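K.L.:
Shown below is the structure under consideration.
The values are calculated or read from the model by the stated rules, or taken from the named source; none is laboratory data. Just so it is clear, the structure is predicted and the values come from calculations on it, not from any experiment. Neighbour counts are summed over all protein chains in view; Cβ atoms, including those assigned to glycine, are modelled from backbone coordinates with ideal geometry. Each accessible area value is taken on the protein alone, full model and side chains, heavy atoms only, with ligands, DNA and RNA left out. Shrake-Rupley method; radii C 1.70, N 1.55, O 1.52, S 1.80 Å.
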Amino acid sequence: MIFLNDKEIEVKKFPNGESLINSQELNIKEWVNTIKLKFESDNDITHLIFLKDHLDELNIKCNLIIPYMPYSRMDRTEGFTVFTLKHLCRLINNLNFEEVSIYEPHSDVCVALLDRVKVINMSAILAKNLLEKVDDKKDSVYLVYPDAGAAKRYGKQIQYEKILTANKERDFKTGFINKLEINGTVESKKFKAIIVDDLCSKGGTFILTAKKLKEMGATEIYLVVTHCEDTIFDGEILKTDLITKVFTTSSILSKEHEKLEISSIV
């Protein structure tokens, strides 16, 4: 989906699949306008090109907001795969936006490849807000990073002393995790835990981490992720009581659940 100044762009389709955008229905402001890209398919990228070129012809300045950067997983060349993220970033740069804001990039590569980029560290914002809510001074609260990468990223963004970090051994042939351990010690047998990361798919790693935390004495476990795919409904997170609640955003999620607290950014 494409939004211009928070109003969704209506795109009609001809029988052969070509797009039709009515310029009279565009919510154009006199000064700097904002386009928001909620990626659902490659069609959205095509519509982004059409809309930005149209605004350029009107000499309208424009910023771009990307709640979830498409193709973030394709941030390198492996074998004969195309370095898709690089080409998408190059396309966005050529559209020449005044500023490009992205929420919690899954890969730092896109930050390096984009011009005039602004990063919004949403997972850190959600985690800090949650810390204030759950810290009732009775039980200790620990931030839990599911791997070394998360610890490195969020350790810089969130100033907090009570930290636990998971260490996992993965079978790269099958993709399954063979072993997961939690590094760090807890002060008491009962504590609360907040797992922090950027992205959740089915959530297998978070379930394994939660099981270890339960063994260590965790009474409440929360998960904070900026990006939550609809595939979370296929995993165990929403079907078990291991994780009390998931705090996420509307960046790519399109469904609701009682265990999901969704902050709207689209």
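K.L.:
Taking only Cα atoms, what is the 0 to 90° angle, nearest 10, from helix 84-94's long axis to the longest principal axis of the chain?
P.N.:
Computed tilt is about 50 degrees.
K.L.:
List the GluC sites (Glu not before Pro) in region 1-55 that DSSP assigns to loop (not H, G, I, E or B) and whose Cβ has at most 12 other Cβ atoms within 10 Å. Which are they?
P.N.:
Answer in residue order: 10, 18, 30, 40.
K.L.:
Just to verify a number: what accessible area does residue 41 come out at with the full protein assembly present, 1.4 Å probe, Å² rounded to tens?
P.N.:
40
K.L.:
Angle, helix 148-157 long axis vs. longest principal axis of the chain, Cα atoms, 0 to 90°, nearest 10?
P.N.:
70
K.L.:
Filter 38/245; 38/179; 168/189; 162/245; 152/190; 138/179 down to the pairs with a C-alpha to C-alpha distance above 29 Å, please.
P.N.:
Exceeds cut-off: 38/179; 138/179.
K.L.:
Then there's this: Express as a percent, rounded to the nearest 5, the fraction of DSSP beta bridges in the chain (both residues included) that run antiparallel.
P.N.:
The answer is about 30 percent antiparallel.
K.L.:
Let me ask something additional. Charges only on Cβ, +1 for Lys and Arg, -1 for Asp and Glu: so what's the dipole of region 78-123 about the Cα centre, in debye to the nearest 20?
P.N.:
Its charge dipole is roughly 100 debye.
K.L.:
Enter the accessible area per residue of region 120-261 (Å², integer; probe 1.4 Å; all protein chains in place).
P.N.:
Per residue, region 120-261 has 51 Å² of solvent-accessible surface.
K.L.:
At a 1.4 Å probe radius, carbon and sulfur cover how many percent of the accessible area of the chain?
P.N.:
48
K.L.:
Right, next: In what order, largest first, do 216, 74 sit by accessible area if the probe radius is 1.4 Å?
P.N.:
Reading off the accessible areas and sorting them downward yields 74, 216.
K.L.:
Additional query: Please give the charge dipole size of the chain, origin at the Cα centre, charges +1 on K and R Cβ atoms and -1 on D and E Cβ atoms. Round to the nearest 20 debye.
P.N.:
Here the chain has a charge dipole of around 840 debye.
K.L.:
If eta is 0.692 mPa s and T is 37 °C, what Stokes-Einstein diffusion coefficient results for the chain, Kirkwood Rh from Cα pairs, in µm²/s?
P.N.:
162
K.L.:
Region 237-254 to region 88-107: how many Å between their Cα centroids?
P.N.:
27
K.L.:
Note the direction-averaged projected area, equal to a quarter of the hull surface, for the Cα convex hull of region 1-81, in nm².
P.N.:
If you wrap the Cα atoms of region 1-81 in a convex hull and average its projections, you get 6.9 nm².
K.L.:
Give the residue from 235, 203, 155 lying farthest towards the positive end of the charge dipole for the chain; charges sit on Cβ (+1 for Lys and Arg, -1 for Asp and Glu) and the dipole is referred to the Cα centre.
P.N.:
Of 235, 203, 155, it is 155.
K.L.:
In degrees from 0 to 90, rounded to the nearest 10, what is the angle of the helix 122-134 Cα long axis to the longest principal axis of the chain?
P.N.:
Compared with the principal axis, the helix lies near 40 degrees.
K.L.:
Can you give the extra length, in nm with one decimal, that the chain gains between residue 63 and residue 160 once fully stretched, where that is 0.36 nm per residue apart less the Cα-Cα distance?
P.N.:
Full-extension gain reported as 31.6 nm.
K.L.:
Loop-only chymotrypsin sites (Phe, Trp or Tyr not before Pro) in region 162-266, please: DSSP not H, G, I, E or B, and at most 16 other Cβ atoms within 10 Å.
P.N.:
Answer in residue order: 172, 176.
K.L.:
If you place +1 on the Cβ of every Lys and Arg and -1 on the Cβ of every Asp and Glu, how big does the dipole about the Cα centre of region 1-118 come out, in debye to the nearest 20?
P.N.:
140
K.L.:
Suppose the chain between residue 81 and residue 99 were pulled fully straight at 0.36 nm per residue; how much longer would it get relative to their current alpha carbon spacing?
P.N.:
Once the chain is fully extended between residue 81 and residue 99, it gains 3.5 nm.
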